[in-house]
């Protein structure tokens, strides 16, 4: 009975976090379900584009949701690529906060054939030489180098960042490349950086070879994702969007359903699969 009680407590806490970060929305109706069911059964090869909104129900906030997104809840702005490259203090701040937030973000859902448009936090690369290391291995080194870091924090952010005091940040030992002592950076496209051309081309080819595009939990505000929809429409492909709030492509999408992903996807998957 004690084990069941603990499990219930954890689940309730997870539920409360998800409620905090999910924007106000209307519940889906039967028409929404039937519309998406028809869309998913009509096409054999569908390109699925997911954004930060796909994780809000898991207790991780997105950036732009009205009232509950990161920008609405704080004055925090993500670190810019050029600042990360130029300033050691910025890198120290980034790594200190990411070090604490990482354990809550390092699980995957088991999806196959994934192209990580904005890169992956699971690989860390040197900015000065070809050295790279897995984020899991680097976390172990950071733990050894920063044994005094307290593991208590408040709101986690979409980029794995958390709130720390200036004193906590200043004493954090940032990682350096063991080969050349250059700065290390996650293989992520930071704000102000560009998606690598080769990856852009891979995505373009996937769009062309697909029959339709399904957008889940993205406002498509960032052009690197919006241009996927533009290409799909140029190639006369059907585009469906499932996102609580408005998106940049609402006026060109064939289907737009504004409700919570978790209220429709599980039943759709069980019905279709």
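Does the range 88-100 include one or more residues that are modelled with pLDDT of 65 or more, assigned by TED's automatic domain parsing to the domain that holds residue 135, touching a helix residue (DSSP H, G or I) at 6+ places or on another chain (Cβ under 7 Å) and assigned to a loop (DSSP other than H, G, I, E, B)?
So far as the range 88-100 goes, no, none of its residues is modelled with pLDDT of 65 or more, assigned by TED's automatic domain parsing to the domain that holds residue 135, touching a helix residue (DSSP H, G or I) at 6+ places or on another chain (Cβ under 7 Å) and assigned to a loop (DSSP other than H, G, I, E, B).
Name every residue in the range 101-121 that is modelled with pLDDT of 70 or more and under 24 Å from residue 169 (Cα atoms), in order of residue number.
Across the range 101-121, the qualifying residues are 101, 102, 105, 120, 121.
If you check residue 191 against the conditions, is it surrounded by 12 or more Cβ atoms within 10 Å (Cβ to Cβ) and either under 17 Å from the mean Cα position of the chain (by Cα) or at pLDDT 95 or above (or both)?
In short, yes.
Can you confirm whether residue 272 is loosely packed, with under 13 Cβ neighbours inside 10 Å, touching a residue at least 60 places away in the same chain (Cβ under 8 Å) and in contact with a helix residue (DSSP H, G or I) (Cβ under 9 Å, 6 or more places away or on another chain)?
Answer is yes for this residue.
Got a number for residues in the range 130-171 being at pLDDT 90 or above and in a loop (DSSP other than H, G, I, E, B)?
The number of residues fulfilling the criteria is 2.
The values are calculated or read from the model by the stated rules, or taken from the named source; none is laboratory data. Please read all numbers here as calculations on a predicted model, not as lab measurements. Virtual Cβ from ideal backbone geometry, glycine too; neighbours counted across all protein chains shown.
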